[in-house]
1. Rounded to whole Å and sorted largest first, list the principal axis extents of the Cα atoms in segment B:207-294.
2. Add +1 for every Lys or Arg and -1 for every Asp or Glu among the other residues with Cβ under 12 Å from the Cβ of A:E64, and state the total.
3. Just how large is the dipole of the protein assembly as shown about the Cα centre, in debye to the nearest 20, putting +1 at every Lys and Arg Cβ and -1 at every Asp and Glu Cβ?
4. How big is segment A:1-119 in terms of Cα radius of gyration and Dmax, in angstroms?
5. For helix A:159-188, report the angle its Cα long axis makes with the longest principal axis of the Cα atoms of chain A; keep it between 0 and 90° and round to the nearest 10°.
6. Can you give the angle from 0 to 90° between the axis of helix A:269-295 and the longest principal axis of chain A, with both taken from C-alpha atoms, to the nearest 10?
7. Using protein heavy atoms only (no ligands, DNA or RNA), what is the total accessible area buried between C and A, 1.4 Å probe, nearest 100 Å²?
8. At q = 0.06, 0.09, 0.10 Å⁻¹, what log₁₀ I(q)/I(0) does a Debye calculation on the Cα points of chain A give, no solvent, two decimals?
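The values are calculated or read from the model by the stated rules, or taken from the named source; none is laboratory data. None of the values given here were measured: they were computed from a predicted structure. Backbone-built Cβ (ideal geometry, glycine too); neighbour counts: all protein chains shown. What goes into the accessible areas is simple: the full protein's heavy atoms, side chains included, and nothing from ligands, DNA or RNA. Shrake-Rupley method; radii C 1.70, N 1.55, O 1.52, S 1.80 Å.
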Amino acid sequence: MLNDSILSLITFVPTAGAIVVALLPRSGKLIQWFTLLVTLATFGLTLHLPAHYHYGQSGFQFEENHPWIASPKIGYHLGVDGISMWLVVLVGFLGPMAVLASWKAIETRTKEFYFLFLLQQTAMIGVFVALDMFLYYGFWELSLVPMAILIAMFGRNRGAQAAIKFFLFTFIPSAFLLVGMLWLYAKTGTFDFVETQQYLSQNGSLLAPQALWWVSLAFLFAFAVKVPVFPLHGWLSDVFSEAPTAMAMVVAGKLGLYSIIRFNLGLFPAQSRQIAPLMITLAVIGILYGALIALVQQDLKRFIAFSTVGHLSFCTLGIFCFTVVGLNGSVYQILNHELSGAAMLILFGILYERYGTYDMALYGGLAGRLPRMATLYLITTLSLIGLPILNGFVGEFLILSSSFGVHPYWGAAATLGVILSAAYMLGMIQKLFYGQQSQLVANKPVPDVMAREGFALVPAAILMLVLGVASPYWIRAISDAVNGLAGNVAHATVTLTTNVAEKR
Amino acid sequence: MGGLRKKIPVTFWTMTMAVFAISGFPPFAGFFSKDEILYQAFVSPNSLGKILWFVGLLTAGLTSFYMFRLWYLTFFGESRAPKAAHDDHGNGHAHGVHESPWIMLAPLAILAVLSVIGGWVGVPAALGGHSEIEHFLSPVMHAQYLSYEQVSVAMSTHPQVVAQFTNPPSEAAEGSKSLELLLAVVSVAVAAIGWFFAHLFYFAKPALPAQLAAKVRGLYALLLNKYWIDELYGAVIVTPILLVSRYVLKGLFDTGVITGGSLALGYATQGVGSVVQRIQSGNIRSYAGWLAIGAAALLLLTYFGFGAHLTF
Amino acid sequence: MTDVPQIYRILPEVILTITGVIIMLVEPLLAKNSSRKPLGWLAVLGTLASLAASNWQLQLPAGTAFYGTVQTDAYSVFFHVAIAGIVLATLLVTLDAATAETEGLGELFALICFGAVGMMLMTSGIELLLVFIGLEISSISTYIMAGFRKKSAKGPEAAIKYFLLGSFATAFFLYGIALIFGATGTTVIPAVAGLLTSSQTPILASIGLTMIIIGLGFKVSAAPFQVWTPDVYEGATSVVVGLMSTAPKAAAFAVLLRVLYVAFPALHNHWQPLLWGMAALSMTIGNLGALRQQNVKLMLAYSSIAYAGYLLVAFTALSQDGIAAASFYTVSYAAMNVGIFAIFSHAGGMGDRLTLIQDYRGLAYRSPLLGGALAFFLISLIGIPFTGGFFGKFYVFASALHSGLVWLTIIGLVNSGIAAYYYLRLLASAYSKPVHSDLLDGIPRVSIPLLFALLLTVATTLILGIVPGRVLAGAKAGANTLSPAAAIDIGGNTDAAK
């Protein structure tokens, strides 16, 4: 019963919540409590998915498919596979975390904030569950709006500029994405992802290869900016440094990477293989580049922005290695990075709430004052570095080991990034928590991690450990979907080579 | 520190077990793992195996030496702590030496027991055991990474094909039991030598190290400063990386090319925009002129393009 | 067909004319200082009646009246309803913005009604001279309305400019009709197509068509005939701009579609490239021109030029989908544009106190309702999904790409990406932390008529974005009556039609 409508429910419970938030009075913490309730409910609903997921199948599950608009033929088609399922759960999990992180940070305009925040939840979940390209594009673009407005409203000092920059950086490439989708529609007569995929794998050779190639590039370009893949990361550090924590947590990574896997690998496997060398190069450059710049950043928010560039490049690397293991690792790493990166941002945020600055140089010797916070910082840091038994290790190991198998030199270079990432992360810990107590720290007594913050961070820390130890539980479902994709890619490659052979 | 044996007996005993285990004395845990590693290095078909075995052996001796040095200096002899700390001991526990609370002692005890008996799960065959964990990791070590093609072939044909990629290769050549025994004796002997020197320098004749250090001052300084490896790294690797990152990557590339590039694109577009805007002079004659030009252009296009496109 | 009383075919126009005349007659009888707002409510009633009448026309069998000069069909009804809706919202906004000091309010209400009559006649007229008369009625009303802000020098300046340049363009339109008559011997649109094949002087017909395109191109402010737009928009009061940027344009587009697809499908190889160029030029000039504008009305003036470009893209698609997309986008653009000008007019009043983007800084803090509505319309103008603005644009480009117009689609969508910038500037400004501003303090409370107007426009925009089915069906039915699928069967590629 519930299986037939669970995805709609997950997607639109936040929207319903947003509408209620708009009607609630602005008194006390009512809006916060209500939003927390909505996000918790959403999270609870997302847990239905792994509980009722049929393992060992590579297709989509929990599908809902209704006609929506007759012509152009657009359907309301939802469904998840092993890849998107965990991403949906992830969004659900991060929701309450974000609300708790914003509890004190957002004190004015709470109604606007939580209204837009809940809309953002709908948009992100929608991106993962939509199987109709029109619907997908709808959620994809919708995810820009709350983000941009919230950055403009709650930016630290140059919010409006950062918001516009963010919006344009994603919106203009999306125009190409739309051209690509419309082109596909003109050829296939449908926006449905599954039907398009079938059409392309059966009749793809009838379409002009040149045109398909451009279309796949249009898709990739739009997604790569959103990830962001080096050198398209120009927007990220501004957004990170301006956006409120709850928004910075979700702005990068998963949407773009998921879309690359879903659309570029799913629809254009042969083209993706051809472009893989370029993407691997960019990924490895991104890993090193992000790490090296993070090494010299003083501002904590910009620091985490560049570390994000580096860490997400690992995922890109894994995707374009074209191995089952690498792809498993990439999906896993998306989950890991979103979780640990979010925790890190919250931690930076609560430090900022106490001391009012993100400047690393002003801190020092916090460990003596805030032992609990130091513990949480260290766990999160170690998870981001990829210490074994924590989550980051599993993903990075799978990605790196598969990249060694395919491109030993690039793999070696990427591994350097792991070392650099340990260097800057631990350097950050050292500057913040050890050494002499700085003037700021010495003169301003502040409370240690409070219960509310603990509710946000401790589950995350526990999850980091569980993800690090019990990885097969997650990878099981991911692997199902990845194997399906792998067959698709192999099929396309075989078709391509036979076509080339026939032409000769 | 020094002479702490009586003051913190539990810590002393647990540490003792750890020291013996790390130094590799049988039957402590460290012995079995070290012994196995050295043996595998020795019998490895790789030509470097013997050298690595020797290096390992040497460092095993050094390990034993410095571990016992630590042990002697901490727990034996006279206390070298400043007098003030001792005076405090009488009236407050704040700075005096005292046993740790149970929450720290309990893990210590567990670890100490494990460091005594932990190695017994892997007693090699040469010593009459049957190494329980020798093949523990072999599934991991032999797992292959399937490429898309392989998976797809495997899925389309038969599960057995997958097995072809995942079967462990045949066992590597192994040495004899007597050799393993001999090597074990050697390594224990080396560890014992390490212990002996530690005993000599730091228990029997405490003045000896200073005399020795005075004799080979250069070597001592080199060791004391950890071969200056840290400084070397700092000068050759860390500083250049930081400089390049700060000025070339961050300053020049990220600010200049990445940020500057998008800004330049934005300004270029706006520049074209302001040219377009300039048409808006507010002057009605010029507007009429523009209208006329536009109309003329369209009419000319129609007139001259007409013949080419006539489709009756 | 003949059993339908002829008057039924022009019932909406008749109702509005009567309403306008009553207003004109009653206005001088009212005491000098008394409020003119009841007249506005009268106009609202008239418009509602006209809207109902238009809708009722769907029940009639499609057919012509008055010697074959007027035709009611799904197409004309579609545009009638759209125009009536725009007028209704405009009247409500006027009622909100007008104050006791506003002069000539009664005339304004009457002019709005008369203008609507002209526009409606344009969409149902199938005889070129009748269309011309409709065009003149609507144009002259808008010329006068443009000068409504008599106290500011900019109002009359705008009116004069609009009048002079508009007359210039109308002359082209009239001359075009004459040439077509010369070439084919008829001015009835459906008859032209048949007579064109036997014409001795097809070049005349072709030049005549170009002149009609020029004349209507001016009315819809398509490049290269867009120069008047920014000046007139700047000078006219916001209420009027909201009206004249939507309704007359919808009517002009309706005429252009009818002329091109009913009278001149055979010449599509001639007009398609022209419109292709005009579309690309309009989109580019419109969006680039808007980029650096500080004045919100100038910005939206340029944005309306770009909008004309998007619509012309649909014209070049040469398919039923293209016609339907153009019709649909007209409605969705009207909803959001009228809505956004409603906000400007409420915030700035009849005198347009708030003109610059920075004047709106902090609007969302001062009035969450206005800020939210502004944000919503801007989002729709940017083209974010689940809004009418997106679906319209999407449908236009889907039909263009379906006809193989890849480059035009790329130009258009990149343009819409650039366009996001200037809309966002206003959006970001409205949502930035407010500075203390007397301008914002002067914004009155939201009145009931404005609430209705916003509800109408927001709901329309949202419905068009989420459940566009009904409107889409209407647009398609209209497209079908205009050009039954076989009329120009172009499909992918224009060469294939030969």
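1. Extents along the principal axes: 107, 17, 11 Å.
2. Working: positive: none; negative: A:D4, A:E63, A:D132.
Result for the neighbourhood of A:E64: -3.
3. Details: 66 positive and 56 negative charges, 528 e Å.
Using only the charged Cβ atoms, the result is roughly 2540 debye.
4. 16.4, 50
5. For A:159-188 against chain A, the angle is about 10 degrees.
6. Relative to chain A, helix A:269-295 is tipped by roughly 10 degrees.
7. On the way: alone 18390 and 18570 Å², together 33790 Å².
It comes to approximately 3200 Å² buried between C and A.
8. -0.26, -0.59, -0.73
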